[in-house]
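Only one structure is covered here, and it is reproduced in the block below.
Quick note: the coordinates plus some simple rules give every number you see, no bench work behind them. Here the structure is a predicted model, which means the values were calculated and not measured. Reconstructed Cβ throughout: ideal geometry from the backbone, glycine too, with neighbour counts over all protein chains shown.
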Amino acid sequence: MTETSSNGVVAYDVEGGIAWVRFNRPEKRNAMSPTLNRDMMEVLHALEFRDDVGVLVLSGEGTAWSAGMDLKEYFRETEAGGLGAVRQAQRESYGWWRRLRWYQKPTIAMVNGWCFGGGYGPLFACDLAFAADDAQFGLSEINWGILPGGGATKVAVELASFRNAMYHALMGENIDGRTAAEWGLVNEAHPLDRLKARVTDVANVLLKKNPVALKATKDAIRRVSIMSYDDAEDYLVRAQEAANSFDKEGRQEGIRQFIDEKSYKPGLGAYDKDRTRA
Ligand code: ACO
């Protein structure tokens, strides 16, 4: 059953371990208003530690994933309220993107349509991303006279090559989902009518993995990129030891099912995490 946030601008369903969360302002192409930013934080908060949620998917109602920040409500109206209002609006948007970047559960952006500017924040915040072939991605900031802020520049440089990021940001031209996959903005692109099936398959694979290991792994991938090799080596030892304190048995069970029971091969799939030592 579909539920909605306090102001109705975020919708979600939880089904088979997957939380399908949607930007829900299709008539405004899911532009992120302060209200939407607050509602999204509320929904992320409500879902994060639910036992029936193992993976969160973020998509958009209608033709857009998100047309970026709401130029009227996020920029013009908050600027009219002065610096305090601007800073509050920034905290609220950056706040839920940050929450999503370090979310307890694996997250997938399912980019069904338009994805502009500020939309790159939640795009990067999601651990994996799958787009419709015909989805359109753009750093349109330059087209209305600003630089790609709110992390969008950082996202472009993190995910794309220097040349592609520079061209994308300076030219204000859109790329489609297939090109976004070539550039590394998303993992894969698929025809829109097959997108949800592919995302469901990926989510179902994740649901079978050890959830403590998933959280440790997704954080590690984000953290190590700016570390030296030695720092990363040390961090990863400590991250695994910290993970062990949340889940003492998982890895021993994984070894047991392979070495003693011979019921699976780690090189070919995951151990059965729902079974523990008989
Ligand atoms: N901010 C505020 N309102 C928006 C936004 C936005 N980012 N995007 C769309 N809307 C509104 C439109 O003003 C319009 O409102 P109205 O019905 O009250 O007139 C409604 O959504 C529908 O938009 P259309 O432009 O009619 O939709 P269309 O499907 O023809 O075009 C498109 C879609 C290409 C996404 C277009 O709306 C657009 O260019 N939006 C702005 C994209 C953008 O540059 N976003 C900002 C990026 S920069 C940043 O995020 C910091």
Would you check which residues across the stretch 186-240 are of a type outside the set (A, V, I, L, M), closer than 14 Å to Phe130 by Cβ and out of contact with any helix residue (DSSP H, G or I) (no Cβ under 6 Å at 6 or more places or on another chain) and list them? Asn187, Pro191, Asp193, Arg194, Lys196, Arg198, Thr200, Asp201, Asn204
Condition set in a helix (DSSP H, G or I) and of a type in the set (Gly, Ala, Ser), scope the stretch 98-156, selection surrounded by the most Cβ atoms within 10 Å (Cβ to Cβ): answer is Gly119
Looking for something without any contact (Cβ under 8 Å) to a residue 12 or more places away in the chain and on the phi < 0 side of the Ramachandran plot - is there at least one such residue anywhere in the stretch 90-107? yes
Out of Leu58, Leu36, Leu47, which single residue is touching a residue at least 24 places away in the same chain (Cβ under 8 Å), within 30 Å of Asp274 (Cβ to Cβ), more than 9 Å from the ligand (Cβ to nearest atom) and buried (at least 24 other Cβ atoms within 10 Å of the Cβ)? Leu58
I'd like to verify a number: residues in the stretch 1-54 that are over 23 Å from Gly113 (Cβ atoms), part of a loop (DSSP other than H, G, I, E, B) and more than 16 Å from the chain's Cα centre (by Cα), how many? 8
Does Arg76 satisfy being basic (Lys, Arg), surrounded by fewer than 23 Cβ atoms within 10 Å (Cβ to Cβ) and within 15 Å of the ligand (Cβ to nearest atom)? yes
Subset of the stretch 102-134 (residues that are of a type in the set (Phe, Trp, Tyr) and within 13 Å of the ligand (Cβ to nearest atom)): Trp114, Phe116, Tyr120
